[in-house]
1. E123 versus (1) charged (D, E, K, R); (2) in contact (Cβ under 8 Å) with a residue 40 or more places away in the chain; (3) closer than 30 Å to L234 by Cα; (4) open to solvent by 70 Å² or more (accessible area, probe 1.4 Å): which is the lone unmet condition?
2. Would you tally the residues in the range 186-211 being buried (at least 17 other Cβ atoms within 10 Å of the Cβ) and under 25 Å from R373 (Cβ atoms)?
3. Only residues in the range 234-246 that are more than 14 Å from E259 (Cβ to Cβ) count as the first member; pair them with residues that are surrounded by fewer than 17 Cβ atoms within 10 Å (Cβ to Cβ) and among the polar types (S, T, N, Q), Cβ under 9 angstrom, at least 6 apart or cross-chain, and list the lot.
4. Counting only residues that are open to solvent by 30 Å² or more (accessible area, probe 1.4 Å) and within 16 Å of the chain's Cα centre (by Cα), which one in the range 152-180 is farthest from L319 (Cα to Cα)?
5. Go through L350, L383 for me and flag whichever is out of contact with any Leu (no Cβ under 6 Å at 6 or more places or on another chain), of a type in the set (A, V, I, L, M), open to solvent by 50 Å² or more (accessible area, probe 1.4 Å) and assigned to a helix (DSSP H, G or I).
6. Say we look at the range 126-151 and pick out the residues that are part of a loop (DSSP other than H, G, I, E, B) and not hydrophobic (A, V, I, L, M, F, W, C); which of these is least open to solvent (accessible area, probe 1.4 Å)?
7. Of everything in the range 99-120 that's in contact with a helix residue (DSSP H, G or I) (Cβ under 6 Å, 6 or more places away or on another chain) and either open to solvent by 20 Å² or more (accessible area, probe 1.4 Å) or over 12 Å from G39 (Cα atoms) (or both), which residue is modelled with the lowest pLDDT?
Amino acid sequence: MGLSSAFACLDDGRLPDSFEGLKSKLDIKWIESALATSGVATVRNRKLTAEQVVWLVVGMGLYRDRPIAELVGRLDLVLPDCDGNRQTVSEGAITPARDRVGAEPLRELFQTTARHWALASAESLRWRGLMVLGADGTTLRVADSPENREAFGLPGSSRGSAGYPQIRAVGLMVLRSHHLLDFDFARYRVGETTIAAPMLGRVPSYSVTILDRGFNHYHLLHQIGSGGDERHWLVRGKKNLKWTVVEKRGRGDDLVEIEFPAALRKEHPELPRTFLARVVRYHRKGFRPQFLLTSLLDVKKYPAAEIAELYHERWELELGYDEIKTHTLEREEALRSKTPERVAQEVWGLATAYNLVRHEMEAVAQKCGVAPRRISFRKSLRLIRDLFIWAEV
């Protein structure tokens, strides 16, 4: 029975007749491929194999409120003995098992799920033929240990420094379903645009990427527009932005030419001297007038009023981060892992778990004939947690 059918049963007050648990939602071939690509060998005579460790780390992302050792048993992740009897594994054996696997297979697994789930979602929820994506950054606290402090750093605060080390992360999200299409992170003092640059160079063709004003960096915009077919960007303009009007296309709608700064062209000789953009001005009652900068130059294909409305879908990314930090992590933003490699492993597992929940929610939305954003993330997460635990008992 699929999750959408199980949801329907619960809504009727019935328990589903059957339901596959966590291990049925991630294709074993994806996990095996991620392990093989990362060079991690699977030893079958271990109680906790590499595949089981991968499921465990994803389970850690789903069940922030459960002890890790409990998850191993509740999700039935320990291989049976030679007689088929259920075994147990000690807490002391879990950490070495995680260390044997490392973070790279979890990163590979996230990228696989993103290619299959998030890309398909983006393709099915287009605006005027374009996938609607958003990029922005956030921070996550990690466990306070000497290793994590050295690897990730402590942010500054009014008292000198924060109490917990933090990582800085950037996500590329499918705004209309909240799937993470791409994701990366680094130590706290690495800038968001530095982390974002590689993923913005990988955005798919026939897409529009909506950016926060902090990402109004000419080289980033050039990366998006020059790397494929119909790769567009949309960003809120800065007050000191200078341009030359090429054509007035209507009230608050101009085609402009902007010059790349000489210093930037010296750093990146491949850049042309200028580029064309479109300036769209708008004013919402009760707010100050704003203007947007975009590569959506075709007036007939992309009306100015719709562009102004589209920009405000950027806030869906903030809601997605809230779903991860407030709901999935149960307001306990500090990740559990006490060494940098395990932190990275846990982050990739968390991102995969979040996409898994969003993937199942989209299936429910399609079955109910509503937009994915109409489905409650909090309620869905709770139901999925209950169903996965129930299925393995």
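1. That leaves (2) as the condition not met.
2. So the count comes out to 11.
3. Correct list of pairs: R236/Q290; G237/Q290.
4. Per the criteria, the residue is R168.
5. The match here is L383.
6. The qualifying residue least open to solvent (accessible area, probe 1.4 Å) is S145.
7. Filtering first and then ranking leaves T113.
Every residue, every condition in (1) modelled with pLDDT of 95 or more; (2) under 29 Å from the mean Cα position of the chain (by Cα); (3) open to solvent by 30 Å² or more (accessible area, probe 1.4 Å), yes or no:
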residue: G225; (1), (2), (3): no, yes, yes
residue: N240; (1), (2), (3): no, no, yes
residue: K285; (1), (2), (3): no, no, yes
residue: T294; (1), (2), (3): yes, yes, no
residue: L297; (1), (2), (3): yes, yes, yes
residue: I307; (1), (2), (3): yes, yes, no
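The values are calculated or read from the model by the stated rules, or taken from the named source; none is laboratory data. Owing to the predicted nature of the structure, the values given are computational and were not obtained by experimental measurement. Every residue, glycine among them, receives a Cβ derived from its backbone with ideal geometry; neighbour counts consider all protein chains shown. Calculation scope for accessible area: heavy atoms of the full protein, side chains included, ligands and nucleic acids excluded. Shrake-Rupley method; radii C 1.70, N 1.55, O 1.52, S 1.80 Å.
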